[in-house]
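Student: I have a structure I would like to understand better, so I am pasting it below and will then ask my questions one at a time.
Every number in this text was worked out from the coordinates using simple rules, so none of it is lab data. Please read these numbers as outputs of a predicted model, since none were measured by experiment. With ideal geometry, Cβ positions are generated from the backbone for all residues, glycine too; neighbour counts draw on all protein chains shown.
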């Protein structure tokens, strides 16, 4: 069967974001787990910060054998940068994701030199029109979310995904990890060059921290627009030994 795969979703999403990838993995005989971070998807508990999110992933890793392939999409990359310190993790996969080091946050690295800004290309920005609630959670503008997260997806997929987006705690995207697991673990970065959320140039800079780099002609959500592409990569990694 090979190595198990653990799937960590991005901000505003839940485990549902992996619904199209999981059937391909299971058909390939890959053991896989997609989890909800605290307060997301089907989890009805309170939201957490970055460390609580990493701890949730750690609970899943505790139940698995060693040499796990740990995958983070978007903000999920920040989570696996810390959670990947777990001894069960053998390989990290950053899918158009944040590769953070100690002292860095998603917000700080995205705004450090303007590389996260998409408006210069005459297109909407993900944060434009978003609102911050009294509970310090960020809610996306549905129109901008559709354009920036799912710009290669068909209309039915866009509607399905946007309807499931939820609020995201500011504490998660402003939090900093206690360590960078990519320093000691094997890692793969996937750059998505049609991404309208995390600028491809920023992705390429972050990818330099990883052991290997791939580049796909997809939007920010290949797990929805090209799930078979994601599954082929993960199945290949699952068959390898570290």
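Student: If I filter the stretch 191-208 down to residues being in contact (Cβ under 8 Å) with a residue 40 or more places away in the chain and surrounded by fewer than 17 Cβ atoms within 10 Å (Cβ to Cβ), which single residue comes out as nearest to residue 93 (Cα to Cα)?
Tutor: Only one residue fits best here, namely 205.
Student: Please note which strands (runs of 3 or more DSSP E) are completely contained in the stretch 121-234 and include at least 2 residues that are closer than 21 Å to residue 5 by Cβ.
Tutor: 186-192, 212-216
Student: Which one of these is within 25 Å of residue 197 (Cα to Cα) and out of contact with any strand residue (DSSP E or B) (no Cβ under 9 Å at 6 or more places or on another chain): 71, 93, 79, 102?
Tutor: Values: 71 fails: out of contact with any strand residue (DSSP E or B) (no Cβ under 9 Å at 6 or more places or on another chain); 93 fails: out of contact with any strand residue (DSSP E or B) (no Cβ under 9 Å at 6 or more places or on another chain); 79 fails: out of contact with any strand residue (DSSP E or B) (no Cβ under 9 Å at 6 or more places or on another chain).
After ruling out the rest, the residue left standing is 102.
Student: So for the stretch 209-219 (the condition being under 14 Å from the mean Cα position of the chain (by Cα), surrounded by 23 or more Cβ atoms within 10 Å (Cβ to Cβ) and in contact (Cβ under 8 Å) with a residue 60 or more places away in the chain), does at least one residue qualify? I'd like the intermediate steps shown before the answer.
Tutor: Of the residues in the stretch 209-219, the ones under 14 Å from the mean Cα position of the chain (by Cα) are 219.
Now restrict to residues that are surrounded by 23 or more Cβ atoms within 10 Å (Cβ to Cβ): 219.
If we keep only those that are in contact (Cβ under 8 Å) with a residue 60 or more places away in the chain as well, we get 219.
Yes, the conditions are met somewhere in the stretch 209-219.
Student: Shifting gears a bit: Which residue out of 14, 39 is out of contact with any strand residue (DSSP E or B) (no Cβ under 8 Å at 6 or more places or on another chain) and more than 23 Å from residue 207 (Cα to Cα)?
Tutor: Criteria check complete, one pass: 14.
Student: Shifting gears a bit: Assess whether residue 97 counts as being within 22 Å of residue 228 (Cβ to Cβ), buried (at least 24 other Cβ atoms within 10 Å of the Cβ) and either in contact (Cβ under 8 Å) with a residue 40 or more places away in the chain or out of contact with any helix residue (DSSP H, G or I) (no Cβ under 9 Å at 6 or more places or on another chain) (or both). Break it down into steps so the answer makes sense when it comes.
Tutor: Numbers: within 22 Å of residue 228 (Cβ to Cβ): yes; buried (at least 24 other Cβ atoms within 10 Å of the Cβ): yes; either in contact (Cβ under 8 Å) with a residue 40 or more places away in the chain or out of contact with any helix residue (DSSP H, G or I) (no Cβ under 9 Å at 6 or more places or on another chain) (or both): yes.
Criteria met by residue 97.
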